[in-house]
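Novice: First the structure, which I've put down as structure tokens, then a few questions once you've had a look.
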Number of protein chains: 2
Amino acid sequence: MSSLRSLYAKDGNRPEFQTNMNVDYVIHYKIPPESRTEAEANFTELIEALTKIGLATEVRNGADSSLLVFVKVASEKYLATQIYRERVQDWLYGVRATSPEKDVDKAFQDEPVTDAERLRLVYLLITKPKNDGGAGITPTVGQWKDVASIFPLHNHAFNRQWIKQWSSKYILDEKDLHHIRDKFGESVAFYFAFVQSYFSFLLFHAAFGFGAWIIFGQYSFFYAFMNSLWTVVFFEWWKKKEVDLAVQWGVRGVSRIQHPRTQFKWDHEAADPVTGEPVKIYSPTKRLKSQLLQIPFAFACLVVLGAIYLFCFSIEIFLSEVYNGPLKSYLVFTPTIILTGVLPVLSTILGNIAEKLTEAENYRTNDAHHAALVQKLFFINFLTSYIPLFLTAFVYMPFGNLLVPYLDIFRITAEKFSNDKAITTESFQINPDRLKKQTIYFTVTAQIVNLALEVIVPYVKRKAFKEVQSKISQKDATGKTSVADVPEEHAFLERVRNEAELDVYDVTTDYREMIVQFGYLSLFSVVWPLTPVSFLVNNWVELRSDAMKIAVSSQRPIPWRADSIGPWLNSLGFLSWLGSIVSSAIVFLFSNGAHGPDGEPWNISAWGLLFSILCSEHIYLALQYAVRHILSHFDSPGLQKERAERFSMRKQLLEESLGPDVTDRPVPPTVQSGEKITREALENEARRMSVSGAVGSPEYAFWQRQQGMDETIQIGRKLITQTALGNKTAKS
Amino acid sequence: MSSLRSLYAKDGNRPEFQTNMNVDYVIHYKIPPESRTEAEANFTELIEALTKIGLATEVRNGADSSLLVFVKVASEKYLATQIYRERVQDWLYGVRATSPEKDVDKAFQDEPVTDAERLRLVYLLITKPKNDGGAGITPTVGQWKDVASIFPLHNHAFNRQWIKQWSSKYILDEKDLHHIRDKFGESVAFYFAFVQSYFSFLLFHAAFGFGAWIIFGQYSFFYAFMNSLWTVVFFEWWKKKEVDLAVQWGVRGVSRIQHPRTQFKWDHEAADPVTGEPVKIYSPTKRLKSQLLQIPFAFACLVVLGAIYLFCFSIEIFLSEVYNGPLKSYLVFTPTIILTGVLPVLSTILGNIAEKLTEAENYRTNDAHHAALVQKLFFINFLTSYIPLFLTAFVYMPFGNLLVPYLDIFRITAEKFSNDKAITTESFQINPDRLKKQTIYFTVTAQIVNLALEVIVPYVKRKAFKEVQSKISQKDATGKTSVADVPEEHAFLERVRNEAELDVYDVTTDYREMIVQFGYLSLFSVVWPLTPVSFLVNNWVELRSDAMKIAVSSQRPIPWRADSIGPWLNSLGFLSWLGSIVSSAIVFLFSNGAHGPDGEPWNISAWGLLFSILCSEHIYLALQYAVRHILSHFDSPGLQKERAERFSMRKQLLEESLGPDVTDRPVPPTVQSGEKITREALENEARRMSVSGAVGSPEYAFWQRQQGMDETIQIGRKLITQTALGNKTAKS
């Protein structure tokens, strides 16, 4: 890992890592191998489009038949107005509670522009449609299919310090997250905030899990309850935390300001009934038709993945627990080999279909598209991750003895192939430790393998690319067409060429990993209470390795804003709820010695199972209600800040619209003396009455009987006295 | 019903119903029988307090040792500033989307002051604490315990037309509701809107129910499903409708502006950490302690009401289906007599305890207090309304044969008392129609009885009061202390004395009735699919009789604002959810002939029951999710209006803060020609660089290589050509 080494090594302070040459973005333009003239025309258009929106450009040679177009905002002042405009818009949409200072210079002094804010706006300038004031450059799509990517350059000085700091501290604090947010935007910051919160919560759960493992062992009802409680508290707490962070970062409700998808196809344009602006419309029934395709797709996923798992599972059981013939020790690995070979391919295929389907659903905004895609991906991941454990827990363990005779088909097949007329088989016994072993595999081994893959695969990829590249450059060196870099820029350009070849960081992948992990915890950790301990350790490393991934093996991400972890929140809630059901079913099935060595066909009390599921689900819902209620009473710094801001803004606006002394209440026209009020009231009354032509009306007469307060009081007292006397008379 | 008759009769146009003498409020002051001087002092203070806040007063003799203080706003201009202030405040709290016109006169022209708005503000003036700018007069509490009530006078012209219109049309439309809102405030209008919506939805359900009754009969699975679907659709639709109405009426989010409770007791005052304003604080742990009392209270309710019902139920079964001795035809009524005698008393007692408990919980705002009280009342109502049916469905019907032997205790008791040594008993048979009969009783008979009571009881009360009053006035006539009214005012004053004695209209009672009715529909209508038909008819009458109740037999209500049906919404959701469980259980238990005449001890398949409950609950949740999703795609006039308002306001504010030409995008500093941009960019660059002292730095050099767009394009094309050539060389 050359760049990693460089980050740490003494000579990491090499000049090419010290400056980004004031570059805002690099556009990686792949020269198409065929048509030179078309490429030139296209390139000219690119530069013209960029210049037209006020960006300065420089072009350099890239690696492997490509160009690097460096882009910089030509006028800082123009950018400043753009940023200010955006802040005002945020305020109008209710994203920020206070309007920005009217004095623009003071506004930027109060709230300096962060790297993320600047980069986001420049990116929007480059990619926004032309009639929206942007250059309309959409990488890899349509006219711009030769634009491979648009990416900002890493701030290596920051990255080096970031990695250094994080690897030497145990717990990350809010300040660390704020730094991430300033550099990489809220979207990435929310991921780290989520993992960090999850990690902190795991501290408790790991301690409890360890204790439970020692005291209660596996399949403990108490552990299942505490596990459910923990998922509820964590989920509800995170929902609050998320809002709090969004407020602190000034992005609450930012998901309402949605960016339209460039790929959106519309049927016709119509005027918005409300605003009168033209709106692109796509028939909802058409979309619904596409959406309905999800149902067969879901079935297909379930059938295909289910079949593969079931097949491998059957072979595995047959080989490991029934079969006793030749080559057993090798054959045992058959299912693992099948799964390792087939699953990744299948996942990729299904993932691609999911993407195509979402594409066909043709959403208007990026957020809607993303949410729909995430939903499908979650479903696929749910199946690939949890089917094996579901099979073991709810098919193999309870019904193993009933099913094994059917596995004879394998023996017959094997006999046919091996010509060995009698393959020996053992009598089948349910392996009571199978579920535990599998859980440990998924919660420990698989996590470690994943982590390793995340670090190693990109490294190998980069290495391989370097090899190819150096071969090409050698070839180039022999040819005469290679354009030599200016010597003082060479190191910098080499670095940029490197970054151009890195993967694009996709926070979705990282979220997916965490959510799947949370699922193991919620659904199956009752099988092995040490699960949270394993995850605790794993996530400590995960947080750092993800940081490393961004800093070293990915292009610097576009700093998008976000006000939550988005559609994953639903997945989290779903897994937490499902956990209450699955855990209780597992506890019910296995807690009273069902996994004993006798291996007898298992007699399930169906009503007991259903009852325990019903109970635990409602306990879960009640817990959720209670936790939500309790948490709603706590204040959070972000919400407090927002309240304070709104209060001051209200006061200010009130003063503006009602005059400065509005906080003093208007004085009612009271006059203490009876005569004065009479006169005044009379005059008012007379005026009003004369207007409505009612002097002398019964109403006028009614209000003239007692003129002023004193008379009313006098007559009232008289009436009281009379009543009192009357009472006495009546009594006597 | 004298006033009812007067509303319809030709001579209903009597002058006293034509005018309210411009009176805003009448304060009914009861003269305490003991201390005359104290009363006089108190009265003086009352008038002074009213005058001090700018109200004109007149005093007249009331009925039965009381005074009527007539109150009117002295200065219309002062009231106008109050109303304007409130509208601005609404805007600042986000209740209204647009700020009121800056020109006050135009503001009132655009949005005239409604009766409700005026009366609400005057009421607030009278009752608000003194340091908040009000007179601080709180009826029946503390210093003002002699103030029996503060009420506005009915607008009889409006009432007459209202009742006339409603009784002659089948369906109420939005305009009718708007009228209610303008006269009686949003709180009452929401009740009518809710019942009207419920009524409209019942049209479909009644049609379906009638069909289902003919085709499927009772205990139909299909009916249960459709019933559940209907409750879900209605509930979700109403939630949307509610928001829509709130927006149309300009009260969305008004529940956030909360009125502090006068009876709130605080431990200490502290400065709000946010606003710095003093806040009254009551220890949350103290409140929690009081709140925990709800648990034993709930248990007590359950035990007491459960025991009563169980007792009566046992007697009833014993008498009607086992006992065959003397006086059977009379004894059968014993349980009914017990229930009719005991239940209302018990309900009142429990209701009072609930009120005491809520009082002890000491909430800071009226809304919180009300919500807590409603929760308790709902629980009590839930028990009293549904226990009998629960007992029949889930105890008597399935387990009757097992339990009846225990009823022998009644026979033994009876034998002891009657000296008749052998009371004959029949052999017990479960009455399969019992559940249906009971359901019909609750959904038809009880509804009619309720309706009748609602109309008759107040009438009788009023009659009785009139008798007493006329006796007193006769007595007065004989005595000499009676103060004669001025003849031209006599009729008007008599009318006001009448209104002073009317009940205060409490919308809670009416809501409660509707929610309980909804519960029968959701929980038990599967027993008798004609239930919705009965409710349809009932609610047509109910709507009109409630209107009558307000117009004729109640004081005119204080026109409070509201943005929803408040805490009843939760009850509605709860009943809808519970309905899915109870219905499915009933269908499972009785659909396959369990109610056959064989009366054999009943063999319940527990797992089947649990499974059907589990299924139907999850079907319910899925339906809810789907309906919510679908409804979220529909637009509503209110939300459209709000969007339009927000849009225009945003545009306006944007123009105000960024200058009028902000809708035109700022023009980027692009220059087409290569030379010009070079110069400009150079100058900018040089300036910036010189400021940061970086001329001659590598960054400066980097951006100087290609000066302007044209050079970038030129060099880029050269690079493309070279690459293309290089490719060719490599290929050849």
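The values are calculated or read from the model by the stated rules, or taken from the named source; none is laboratory data. Please read these numbers as outputs of a predicted model, since none were measured by experiment. Here the Cβ is made from the backbone with ideal geometry for all residues, glycine too, and neighbour counts use every protein chain on show.
Novice: Just for segment A:492-517: of the residues that are closer than 14 Å to residue A:579 by Cα and either of a type in the set (D, E, K, R) or within 14 Å of the chain's Cα centre (by Cα) (or both), which one is surrounded by the fewest Cβ atoms within 10 Å (Cβ to Cβ)?
Specialist: At the first step, the residues of segment A:492-517 found to be closer than 14 Å to residue A:579 by Cα are A:515-517.
Now narrow it down to the ones that are either of a type in the set (D, E, K, R) or within 14 Å of the chain's Cα centre (by Cα) (or both): A:515-516.
Details: A:515: 23, A:516: 20.
So, considering only residues that are closer than 14 Å to residue A:579 by Cα and either of a type in the set (D, E, K, R) or within 14 Å of the chain's Cα centre (by Cα) (or both), the one surrounded by the fewest Cβ atoms within 10 Å (Cβ to Cβ) is A:516.
Novice: OK, next. Just one of A:543, A:572 is within 25 Å of residue A:248 (Cβ to Cβ), of a type outside the set (D, E, K, R), out of contact with any Pro (no Cβ under 8 Å at 6 or more places or on another chain) and buried (at least 22 other Cβ atoms within 10 Å of the Cβ); which is it? Walk me through it before giving the result.
Specialist: Working: A:543 fails: buried (at least 22 other Cβ atoms within 10 Å of the Cβ).
Testing whether each residue is within 25 Å of residue A:248 (Cβ to Cβ), of a type outside the set (D, E, K, R), out of contact with any Pro (no Cβ under 8 Å at 6 or more places or on another chain) and buried (at least 22 other Cβ atoms within 10 Å of the Cβ) leaves just A:572.
Novice: Restrict the check to segment A:128-145 and report whether at least one residue is touching a residue at least 60 places away in the same chain (Cβ under 8 Å) and closer than 29 Å to residue A:242 by Cα.
Specialist: no
Novice: Test residue B:119 against the criterion of being buried (at least 20 other Cβ atoms within 10 Å of the Cβ) and either polar (S, T, N, Q) or within 28 Å of the chain's Cα centre (by Cα) (or both), and give yes or no. Even if it seems obvious, please write down each step before you answer.
Specialist: Values: buried (at least 20 other Cβ atoms within 10 Å of the Cβ): yes; either polar (S, T, N, Q) or within 28 Å of the chain's Cα centre (by Cα) (or both): yes.
The answer is yes for residue B:119.
Novice: Assess whether residue B:292 counts as being at pLDDT 90 or above, more than 30 Å from residue B:583 (Cα to Cα) and within 14 Å of chain A (Cβ to nearest Cβ). Outline the logic, then answer.
Specialist: Working: at pLDDT 90 or above: yes; more than 30 Å from residue B:583 (Cα to Cα): yes; within 14 Å of chain A (Cβ to nearest Cβ): yes.
Yes, satisfied.
Novice: Does residue A:279 fit the bill of being touching a strand residue (DSSP E or B) at 6+ places or on another chain (Cβ under 7 Å) and either surrounded by 14 or more Cβ atoms within 10 Å (Cβ to Cβ) or among the hydroxyl-bearing types (Ser, Thr, Tyr) (or both)?
Specialist: Working: touching a strand residue (DSSP E or B) at 6+ places or on another chain (Cβ under 7 Å): yes; either surrounded by 14 or more Cβ atoms within 10 Å (Cβ to Cβ) or among the hydroxyl-bearing types (Ser, Thr, Tyr) (or both): yes.
Taking the combined requirement at face value, the residue satisfies it.
Novice: So which residues in segment A:133-145 are assigned to a loop (DSSP other than H, G, I, E, B) and out of contact with any helix residue (DSSP H, G or I) (no Cβ under 6 Å at 6 or more places or on another chain)? It would help to see each step written out before you state the result.
Specialist: Of segment A:133-145, the ones assigned to a loop (DSSP other than H, G, I, E, B) are A:133-141, A:145.
Those that are assigned to a loop (DSSP other than H, G, I, E, B) and out of contact with any helix residue (DSSP H, G or I) (no Cβ under 6 Å at 6 or more places or on another chain): A:133, A:139, A:140, A:141, A:145.
Novice: Out of the residues in segment A:16-31 that are more than 9 Å from chain B (Cβ to nearest Cβ) and not hydrophobic (A, V, I, L, M, F, W, C), state the one that is farthest from residue A:67 (Cα to Cα).
Specialist: So in segment A:16-31, the residues more than 9 Å from chain B (Cβ to nearest Cβ) come out as A:16-18, A:24-28, A:30.
The next check asks that each one be not hydrophobic (A, V, I, L, M, F, W, C); those that pass are A:16, A:18, A:24-25, A:28, A:30.
Values: A:16: 19, A:18: 23, A:24: 16, A:25: 13, A:28: 6, A:30: 6 Å.
The selected residue is A:18.
Novice: Of the residues B:67, B:153, B:92, B:125, only one is more than 30 Å from residue A:722 (Cα to Cα) and in contact with a strand residue (DSSP E or B) (Cβ under 9 Å, 6 or more places away or on another chain); which? Before you say what the answer is, go through the steps one by one.
Specialist: Details: B:67 fails: more than 30 Å from residue A:722 (Cα to Cα); B:153 fails: more than 30 Å from residue A:722 (Cα to Cα); B:92 fails: in contact with a strand residue (DSSP E or B) (Cβ under 9 Å, 6 or more places away or on another chain).
Every option except B:125 fails the conditions.
Novice: Is it fair to say residue A:257 is surrounded by fewer than 15 Cβ atoms within 10 Å (Cβ to Cβ) and among the aliphatic types (A, V, I, L, M)? Steps first, please.
Specialist: Values: surrounded by fewer than 15 Cβ atoms within 10 Å (Cβ to Cβ): no; among the aliphatic types (A, V, I, L, M): yes.
Considered against the rule, which asks whether it is surrounded by fewer than 15 Cβ atoms within 10 Å (Cβ to Cβ) and among the aliphatic types (A, V, I, L, M), residue A:257 comes out as no.
Novice: If you don't mind, there's one more thing I want to ask. From the list B:219, B:191, B:198, B:223, which residue is closer than 28 Å to residue B:97 by Cα and either in contact with a helix residue (DSSP H, G or I) (Cβ under 6 Å, 6 or more places away or on another chain) or among the hydroxyl-bearing types (Ser, Thr, Tyr) (or both)? Spell out how you get there, then give the answer.
Specialist: On the way: B:219 fails: closer than 28 Å to residue B:97 by Cα; B:198 fails: closer than 28 Å to residue B:97 by Cα; B:223 fails: closer than 28 Å to residue B:97 by Cα.
Matching residue, one of B:219, B:191, B:198, B:223: B:191.
Novice: Mind checking which residues of segment A:65-84 are within 18 Å of residue B:706 (Cα to Cα) and without any contact (Cβ under 8 Å) to a residue 40 or more places away in the chain?
Specialist: A:67, A:74, A:75 - these are the residues of segment A:65-84 that are within 18 Å of residue B:706 (Cα to Cα) and without any contact (Cβ under 8 Å) to a residue 40 or more places away in the chain.
Novice: Quick check on my filter: what residues within segment A:407-437 are loosely packed, with under 12 Cβ neighbours inside 10 Å, at pLDDT 70 or above and assigned to a loop (DSSP other than H, G, I, E, B)?
Specialist: A:433, the sole residue that qualifies.
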